[in-house]
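Below is one structure, written out as structure tokens; the observations come after it.
The values are calculated or read from the model by the stated rules, or taken from the named source; none is laboratory data. For clarity, every value in this text was computed on a predicted model and none was experimentally measured. So basically every Cβ, Gly included, is an ideal-geometry build from the backbone, and we count neighbours across all protein chains shown. Surface areas here come from the heavy atoms of the whole protein model, side chains and all, with no ligands, DNA or RNA. Shrake-Rupley method; radii C 1.70, N 1.55, O 1.52, S 1.80 Å.
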Number of protein chains: 2
Amino acid sequence: MDRVVIGVDLGGTNTRTALVARSGDILEKQKEETLAAEGHEKVIAKLIRNIDRQRANADQYGRRVAAVGVGAPGVIHEQTGVVVKSPNFPDWNDLPLKQILERELKLPVFIENDANAAALGEQWRGAAKDIRSMIFLTLGTGVGGGIILDGRIWHGADGMAGEVGHMTIIPDGRTCGCGNRGCLEMYASSRGIVMTFKAMCAGKHLDTEGRKEITSAQIYQAARNGDTVAHLVMKDMGRHLGIGIANLINIFNPEMVVIGGGVKAAWDLFIDATREEVRKRAFAYTAERTKIVPSMLGDEAGMVGAAAVAFQKIAKLS
Amino acid sequence: MDRVVIGVDLGGTNTRTALVARSGDILEKQKEETLAAEGHEKVIAKLIRNIDRQRANADQYGRRVAAVGVGAPGVIHEQTGVVVKSPNFPDWNDLPLKQILERELKLPVFIENDANAAALGEQWRGAAKDIRSMIFLTLGTGVGGGIILDGRIWHGADGMAGEVGHMTIIPDGRTCGCGNRGCLEMYASSRGIVMTFKAMCAGKHLDTEGRKEITSAQIYQAARNGDTVAHLVMKDMGRHLGIGIANLINIFNPEMVVIGGGVKAAWDLFIDATREEVRKRAFAYTAERTKIVPSMLGDEAGMVGAAAVAFQKIAKLS
């Protein structure tokens, strides 16, 4: 019987699970709210139910589930499968997620950082197919990163590599949640975009008047409707992203940089400024040869990549 | 007969060559002025004479030279052994150094970027022994870098990785020779130190009065003699270096950062400021676990590392 795996993208908002064939094809998928605030016990219990349901469904396809791969946000100790710390799950501290899931599921389980998983997904089935060296940037509420070198994730000495969102690009810049100032994340994330907007118009602009909050999506919309300030905000974001990417190009000389995450929706509004900044800052040869492309798998990158992790690991075990 | 290799550090000022045993022990070494300005034909002819002489000497030790490794500055296409461009050798453009040397020497020759070679030297026999992931920074006239991941040099897609000296750390900062602004090199190199000194005292200070130039060595000396401005200059350099190292720690999560090059002579004058900046900026766990240490091999790192390259390559061939 052909073996399949279950790939899980355990996000702060939604949890996605998929039955994935060795080819990378998704046989079926489901999505459910994570409800992280309910605490880790409830979140994990629900995850186990979802996996069990999908495992039962595998029979329909004449397949057997051989392993589970989970992409989770935060600091993951990849070798032990412990979630050390996770900004989206405040009560997850040194949580032995691999151990808990393996005990309940009686299946091999592998935990990977979510950005790393998404990077691997893009390399397996998405924008970076057949690419051996690639930097994946996920621009969402924060900025995450996954580094693929020689076809494999670079985890670092402790599984904590790839924090490209916390590269300093403005030494005296905005204070970041990580304690540093001027992190890339403070300028190239959706949160950073909103901050730049507020700084540029000091509340006196657009439909922000009388409102408490404006969202990044509203800023993209305003820019598309011809609003000058919103346009400048997105160019500013693009330039800051370009500084970070130029650094990564000079450091890694990668074949490709893939950009995913929610902010990818504004691709057309920032990418020209990003490319211009990269041209200005990175070495000409490496800058020209490095493709900067949007992610292709979108919301599916995480679970497909988590499945790739599971396939890679069981191949090593057998 | 036990095989040895010849390791060459082809510098802009001096060329060092050594007979190196498989253990990493240097059997004998020599140093000669490179005289780069005389043009590539003379430089290469002299290099061949030196290698031939050392090869003849190998007989005295009852050894046979099996290969030559050369560390050279600039952009090296490592797989073909072509020097694409070298700031220290203005007339070296797309020079097929490997091919020329192999034809003359009738020996396998391997060319590596000098900073990469030095990194490998430190990992083989120096400060980073038994370390698997390490970033090597060489602070000289410029700032070079070598990245060791999983025990091997990360060359990048085109052999051009490791340009950590051209990471932007001050977006609107000093214009660098590479065309970018605010490169780490413009603040953490000996040239950068002199620039900072000049900017801080605008020529009206110390023994600079009436002089055209002050050297970085004079600035270190002044700081050690209690000069306040010189001290501030070195702290400023240390802080800038710290920004760059914090970025590298967040990106790579390496075990170690090794600092070599001429500026290492001022270690005590900058390292506290560097460490403080790293603590402020990098993730606490990774920052604390990453050892930041001075290189141990000094001037010998390049030729020892070039020998390591040669040994690694012939091991693969046989």
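Can you find, among B:PRO108, B:PRO87, B:HIS77, the residue farthest towards the positive end of the dipole of the stretch B:70-115? Put +1 on the C-beta of Lys and Arg, -1 on that of Asp and Glu. Of the listed residues, the answer is B:PRO108.
The fraction of accessible area contributed by carbon and sulfur in the protein assembly as shown is 49 percent, rounded to a whole number (1.4 Å probe; ligands and nucleic acids excluded). Rolling a 1.4 Å probe across all protein chains gives A:ASP158 an accessible area of roughly 20 Å². Above 23 Å, the calculated P(r) of the stretch A:131-295 contains 37 percent of its Cα-Cα pairs. Ordered by 1.4 Å accessible area with all protein chains kept, A:ILE170, B:ILE169 run largest first as A:ILE170, B:ILE169.
Suppose the Debye formula is applied to equal point scatterers at every Cα of the stretch B:134-206; what is log10 I(q)/I(0) at q = 0.15, 0.16, 0.25 Å⁻¹? Log10 I(q)/I(0), no solvent term: -0.56, -0.62, -1.09.
With its label point put 7 Å out from Cα toward Cβ, A:ASP299 sits 6.5 nm from the same residue's point in the other copies, in order from shortest. If you take the alpha carbon atoms of the stretch A:1-148 and fit the smallest convex hull around them, that volume is 108 Å³ per residue.
Taking A:GLN54, A:GLN79, A:GLN123 as the candidate residues, the one with maximal mean-square fluctuation in a Gaussian network model of chain A, Cα springs under 10 Å, is A:GLN79. Shown in residue order for the stretch A:228-236 are the 3J(HN,Hα) couplings computed by the Karplus curve 6.51 cos²θ - 1.76 cosθ + 1.60 at θ = phi - 60°: 5, 4, 4, 4, 5, 4, 6, 5, 4 Hz (x for Gly and Pro). Here the stretch A:131-295 is treated with +1 on each Lys and Arg Cβ and -1 on each Asp and Glu Cβ, and its dipole about the Cα centre works out to around 120 debye.
Between this copy and the others, label points of A:LYS31 are 6.5 nm apart in ascending order, each placed 7 angstrom from Cα in the Cβ direction. Accessible area ranking (1.4 Å probe, heavy atoms, ligands and nucleic acids excluded), largest first, for A:THR13, B:THR80, B:THR290: A:THR13, B:THR80, B:THR290. Using only side-chain charges placed at the Cβ, +1 for Lys and Arg and -1 for Asp and Glu, the dipole size of the protein assembly as shown relative to its Cα centre rounds to 440 debye. Between A and B, roughly 3300 Å² of accessible area is buried in total, ligands, DNA and RNA not counted and the probe set to 1.4 Å.
Solvent exposure of B:ILE153, expressed as accessible area, is near 30 Å², computed with a probe of 1.4 Å over the protein chains only. In the stretch B:251-280, comparing the full protein assembly with the chain on its own, the residues that lose 20 Å² or more of accessible surface at a 1.4 Å probe are B:ILE251, B:PHE252, B:ASN253, B:LYS280.
The distance from the alpha carbon centre of the stretch A:164-184 to that of the stretch A:259-306 is 20 Å, rounded to a whole number. When exposed loop sites are taken as GluC sites (Glu not before Pro) in a DSSP loop with at most 15 other Cβ atoms within 10 Å, the longest stretch of chain A clear of them is A:1-208. Farthest toward the positive end of the dipole of the stretch B:130-295, out of B:ALA246, B:VAL229, B:VAL143, is the Cα of B:VAL229, where the dipole comes from beta carbon charges about the Cα centre. Per the Debye calculation on chain B with a single equal scatterer at every Cα and no solvent contribution, log₁₀ I(q)/I(0) for q = 0.11, 0.13 Å⁻¹ amounts to -0.69, -0.94. I'd like the orientation of helix B:114-125 relative to chain B: the angle between its Cα long axis and the longest Cα principal axis, in ° from 0 to 90, rounded to 10. So the helix axis and the longest Cα principal axis differ by about 80 degrees. Taking all protein chains as shown and a probe of 1.4 angstrom, A:LYS291 keeps an accessible surface of around 110 Å². Rolling a 1.4 Å probe over the heavy atoms of the protein chains gives the protein assembly as shown an accessible area of 41 Å² per residue. With label points defined 7 Å past Cα in the direction of Cβ, position B:ALA199 shows copy-to-copy spacings of 2.0 nm, given to one decimal and shortest first.
The Kirkwood radius of the protein assembly as shown, taken over pairs of alpha-carbon atoms, gives through the Stokes-Einstein law at 25 °C and 0.890 mPa s a diffusion coefficient of 94 µm² s⁻¹.
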